[in-house]
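Everything below concerns the one structure shown next.
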Amino acid sequence: MRVLAERFGIEPDECAVYEHRLAADPAEYASAMLRATNTEVLLIDDGYPPEGIGTSWDEMGELAGCRALPVLRLETRGARAAAETAIAREHGYVALKTIAAYRGGLDRVSDDVVAALEANEATNDPLPVQVHCGFGDSDLHLWRADPDT
């Protein structure tokens, strides 16, 4: 709170910082926060929120004042994932992302994601892949995933 308050020239308490945030233009506030990080490149997952909601990867780059590049999220493509992965680089994507480990554990990766990863390898110039993981959903036990498979 102290750092944010100092940045905006306001009282260093939670209420003042929150009130400033509510009063600020959302795009200007986001831009100020992003630019303060001195980030040079943003890699933006195109899978959330859905297209048309939120800020696109290129708009995010404009707000941050830096280069932004799209990352193709496999799960949002469903059965089209393999076909879209095969031409992802041609469409400007610089990486792939799967949330398989987060949503279902590595012991339940969907056939569509597996096919997309195989299509990526078959390009002979595969894109890097981020496997999003974390605590997962409340009903998911990540310990079930076998690291040797």
* Inter-residue pairs, beta-carbon under 6 Å, first charged (D, E, K, R) and in region 38-59, second assigned to a loop (DSSP other than H, G, I, E, B), 6+ apart -> GLU40/CYS66
* Structure fact -> For GLU6, the lone unmet condition from (1) within 30 Å of VAL129 (Cβ to Cβ); (2) acidic (Asp, Glu); (3) part of a helix (DSSP H, G or I) is (1)
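Looking at LEU42, LEU22, which one is modelled with pLDDT of 95 or more, of a type in the set (A, V, I, L, M, F, W, C) and within 28 Å of ILE99 (Cα to Cα)?
Details: LEU22 fails: within 28 Å of ILE99 (Cα to Cα).
The conditions single out LEU42.
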* Structure fact -> For region 81-110 the number of residues that are at pLDDT 95 or above and farther than 23 Å from TRP57 by Cα is 0
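Mind counting the residues in region 49-79 that are in contact with a strand residue (DSSP E or B) (Cβ under 7 Å, 6 or more places away or on another chain) and under 28 Å from ASN120 (Cα atoms)? Please lay out each step first, then the result.
From region 49-79, those in contact with a strand residue (DSSP E or B) (Cβ under 7 Å, 6 or more places away or on another chain) are 57-58, 60-61, 64, 66-75; that's our starting set.
Imposing the further condition that a residue be under 28 Å from ASN120 (Cα atoms) reduces the set to 57-58, 60-61, 66-75.
Qualifying residue count, region 49-79: 14.
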* Among the helices (runs of 4 or more DSSP H) lying completely within region 13-115, list those that include at least 3 residues that are assigned by TED's automatic domain parsing to the domain that holds ARG2 and exposed (fewer than 12 other Cβ atoms within 10 Å of the Cβ). => 14-23
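The values are calculated or read from the model by the stated rules, or taken from the named source; none is laboratory data. Just so it is clear, the structure is predicted and the values come from calculations on it, not from any experiment. Positions of Cβ are generated from backbone atoms using ideal geometry, with glycine treated the same way; all protein chains shown enter the neighbour counts.
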